[in-house]
Amino acid sequence: MKTISQFVKNRRKEVNLTQEEFAQRAGVALTVIRKIEQGKTNLNMDKVNLVLSMFGHELAAVSSKELRNTKGES
């Protein structure tokens, strides 16, 4: 399973954007992109969702019960 940092970095590179260009397009500060790509864990979920929305994704809270049910279906 890819981490969010790997996903964002790989996708950003696939579309040939620098961190600065990507930050501008996503509407976040350059430091947000850098922190995400470095795997920092203390991030604002709204900012992360702005970044992920560039690729049609978002973070969402999932209950432990839902997570267990999903794992059981695999």
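Any read-out appearing in this document is the output of simple, stated calculations on the displayed coordinates, not a laboratory observation. Fair warning: this is a prediction, and the values are worked out from it, not measured in the lab. Here the Cβ is made from the backbone with ideal geometry for all residues, glycine too, and neighbour counts use every protein chain on show.
Odds and ends about this structure:
- For the chain, the dipole from Cβ point charges (+1 on Lys and Arg, -1 on Asp and Glu) about the Cα centre works out to 220 debye, to the nearest 20.
- Protection proxy ranking, highest mean first, for peptides 28-36, 41-49, 7-15: 28-36, 7-15, 41-49, where packing is the per-residue count of other beta-carbon atoms within 10 Å, averaged.
- Taking 24 Å as the straight-line reach from the Cα of residue 65, the lysines in range (excluding those fewer than 8 positions away in the same chain) are 2.
- Gain upon complete extension [residue 34, residue 61; 0.36 nm per residue less C-alpha separation]: 7.4 nm
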